[in-house]
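Let me begin by presenting the structure, written as structure tokens, before commenting on it.
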Amino acid sequence: MPGETGLFLLAALVENYPDMAVIMVSGNEELGTAVYAMRQGADDFLSKPVGVSLLVYRIEKALSRRAILVENKAYRQHLEHMVSELNLRLEQSRGVLAALNTVVQSLMAREQEIPQAYVGLQRAVSDIDSGLNSLADLATGFINDAPNAHRTD
């Protein structure tokens, strides 16, 4: 590579393509260079000459590892999205509970109007039930839709 080093290329690849597997192959056999390359993001470091079977094995190993990392990254993003959705639903449920609390307080303050207050109470309880069912449906969907990031094959 005229004018540049493999380590310069490695830095550019890691920055611009963080999910790409990178194997450094160099004529430099120094351990320090290999350690530095691995710390900078290389998945492997091989010294020339490299046998074809070893190179194929290391490529398969690096690709397998990267596939797991990409799958886990997608799973983590999915989890973060689901947590945001659940937090939104919980916040909505808090609003329903606040409304129910208002109804209960109203009932306690106006005992003579109990029949009318029960209508409001029934609506609030129905809203809470609907909200809880919605949360349960969301959680069930999350569990059923979650990628299998825990695979080890």
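Quick notes on this one:
- Region 27-40 - phi-based ³J(HN,Hα) in whole Hz, Karplus 6.51/-1.76/1.60, Gly and Pro as x: x, 7, 9, 5, 4, x, 5, 4, 4, 4, 4, 5, 5, 7
- Computed accessible area, Tyr17, all protein chains, 1.4 angstrom probe, square angstrom: 130
- For Met20, no residue whose modelled amide H falls within less than 5 Å of its own remains once neighbours fewer than 5 places apart on the same chain are excluded.
- Rounded to whole Å, the principal axis extents of the Cα atoms in region 1-112 read 94, 30, 21, largest first.
- Looking at region 1-92, the accessible area is 71 square angstrom per residue; that uses a 1.4 Å probe and ignores ligands, DNA and RNA.
- Here the Karplus curve 6.51 cos²θ - 1.76 cosθ + 1.60, taken at θ = phi - 60°, turns the phi angles of region 4-13 into couplings of 9, 9, x, 5, 5, 4, 4, 4, 5, 5 Hz, with x standing for Gly and Pro.
- Nonlocal amide H pairs with Asn28, under 5 Å, H built at 1.01 Å: Lys48
The values are calculated or read from the model by the stated rules, or taken from the named source; none is laboratory data. Everything numeric here is computed off the predicted structure, so don't read it as measured data. Note: accessible area is taken over every heavy atom of the protein model, side chains too, but ligands, DNA and RNA are not part of it. Shrake-Rupley method; radii C 1.70, N 1.55, O 1.52, S 1.80 Å.
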